[in-house]
1. In straight Cα distance, which lysines are under 27 Å from LYS47, not counting same-chain residues fewer than 8 positions off?
2. Per residue, what accessible area does the chain have, given a 1.4 Å probe and all protein chains present, in Å²?
3. Given 10 Å bins starting at zero, what is the percent of C-alpha pairs of the chain in each, up to the one with the largest pair distance?
4. Based on the Cβ-Cβ distance from VAL168 to LYS77, what FRET efficiency comes out when R0 is 35 Å, to the nearest 0.05?
5. Could you work out the relative contact order of the chain, using alpha carbon pairs under 8 angstrom and six or more residues apart, expressed as a whole percent?
6. Largest first, how would LYS116, LYS51, LYS76 line up by accessible area (1.4 Å probe)?
7. Pulled fully out, how much extra length does the chain show between ARG137 and SER105, if you take 0.36 nm times their separation in residues and subtract their Cα-Cα distance?
8. Please give the net charge around ASP56, taking every other residue with its beta carbon less than 14 angstrom from that of ASP56, where Lys and Arg add +1 and Asp and Glu add -1.
Amino acid sequence: MPPPSKPRSRVIEEDELQLLLTMLSPTMRAIVELAYETAMRRGEIVKLKLKHLHLDERILSVVDGKTGDRAVPLTKKAVELLRVATQHCPSPESRLFPVTPHSVSTAVRRARKKVKLDDDVRLHQLRHTRISIVARRGFNQAQIMMVSGHRDSRSVQRYTHLNVADVVRILD
């Protein structure tokens, strides 16, 4: 067996995200923005159904995700994105984004190459990015785990890319 690859620690900058979004179709753009806003996995996003959304409460339900079922807290921007996505759903059983996880990754890879961003700009890095943003805001471990859906604090540490300057900003 080859040795495990070094974990990626890349946090995607806002300008990189905006550049990437310019090269995506409206559906893929919404998925990528939702990944950035929620730290959800691509499989969780593409499986979302209208019945999983509780937008007035700013919560959505992930059903049968990697770590089981969970509730995801939503930013105001995520709620806006989801409200637009619901306009194309005829029934509560309808999927919000009728695409495959692989097609999302392919679209991101192609967009990344078109705008000449480095290879570490990937869909999954948006998850790392959101978790790092939440940690920089001073959320505690339990709150970060609620956002990320991790059940183990060691996993959260792999996803939270903080430095000393981030901690100094939180201190009074």
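The values are calculated or read from the model by the stated rules, or taken from the named source; none is laboratory data. Quick caveat: nothing in here was measured; it's all calculated off a predicted structure. Here the Cβ positions follow ideal geometry from the backbone for every residue, glycine too, while neighbour counts run over all protein chains shown. The accessibility values were calculated without ligands, DNA or RNA, using every heavy atom of the protein model including side chains. Shrake-Rupley method; radii C 1.70, N 1.55, O 1.52, S 1.80 Å.
1. Here the lysines satisfying the reach criterion relative to LYS47 are LYS66, LYS76, LYS77, LYS113.
2. 58 Å²
3. Distribution as computed: 9, 37, 37, 15, 2, 0 percent.
4. Computed FRET efficiency for VAL168 and LYS77: 0.80.
5. 29 percent
6. Accessible-area ranking of LYS116, LYS51, LYS76, largest first: LYS116, LYS76, LYS51.
7. 8.7 nm
8. Net of charged neighbours comes to +1.
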